[in-house]
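Okay, structure first, notes after.
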Amino acid sequence: MIEFQLDETSGVATYLQLVQQVHQALRMGMLEPGDRLPTAQQVVAQLAINPNTVHKAYRELEREGLVRARPGLGTFVTRLPSGIDPAAQARFLAELAGWLRSARAAGLGPDDIEAIYRTAFRDCFAEGVA
């Protein structure tokens, strides 16, 4: 089950942070169709936020067709976002994990690795590669 976290300094509305985290969990394979999201009460207890915020996030996910509320049972993932190929993601994740192991073996720390990633990511988008 997903465990939500908030970044109060991000400037992103709380409900959107919840929506974005579900999207990310779906893309990374941490959530799959059939999985149940935490109840609004669980999220409220964990994050100390208004229940309406959780309901708003879940309604947005339902509007997108990614989840469906089942009264008395909870809110369940119904599908992955379009364009996701789980096999391709697994392949790229394995390649990235290998790269990270190589970087660590070469003596690079987390800050170095993050800087390289951010530079590569920025450059790919600037060149129209990604």
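The values are calculated or read from the model by the stated rules, or taken from the named source; none is laboratory data. Source: prediction; values computed, not measured. Glycine also receives a Cβ, built like all others from the backbone with ideal geometry; neighbour counts cover every protein chain displayed. Heavy atoms of the whole protein, side chains included, go into the accessibility calculation; ligands, DNA and RNA do not. Shrake-Rupley method; radii C 1.70, N 1.55, O 1.52, S 1.80 Å.
Things to note:
- Any pair with Cβ under 8 angstrom, 6 or more apart, that starts in segment 62-75 at a residue that is on the phi > 0 side of the Ramachandran plot and ends at one that is open to solvent by less than 20 Å² (accessible area, probe 1.4 Å): GLY74/LEU37
- Subset of segment 75-130 [closer than 30 Å to LEU37 by Cα, assigned to a helix (DSSP H, G or I) and open to solvent by 100 Å² or more (accessible area, probe 1.4 Å)]: ARG91, PHE92, LEU93, GLU95
- Here segment 1-32 is the region considered, the condition is being in a loop (DSSP other than H, G, I, E, B) and of a type in the set (Val, Ile, Thr), and the residue that is surrounded by the most Cβ atoms within 10 Å (Cβ to Cβ) is ILE2.
- Count of segment 37-54 residues which are in a helix (DSSP H, G or I), within 15 Å of VAL19 (Cβ to Cβ) and touching a residue at least 40 places away in the same chain (Cβ under 8 Å): 1
- Output for segment 33-54, where each listed residue is farther than 30 Å from LEU93 by Cβ and either buried (at least 16 other Cβ atoms within 10 Å of the Cβ) or aliphatic (A, V, I, L, M) (or both): ALA40, VAL44, ALA45, ALA48, ILE49, THR53
- Exactly one residue out of ALA69, ALA57 is of a type in the set (A, V, I, L, M), part of a helix (DSSP H, G or I) and open to solvent by less than 60 Å² (accessible area, probe 1.4 Å), and it is ALA57.
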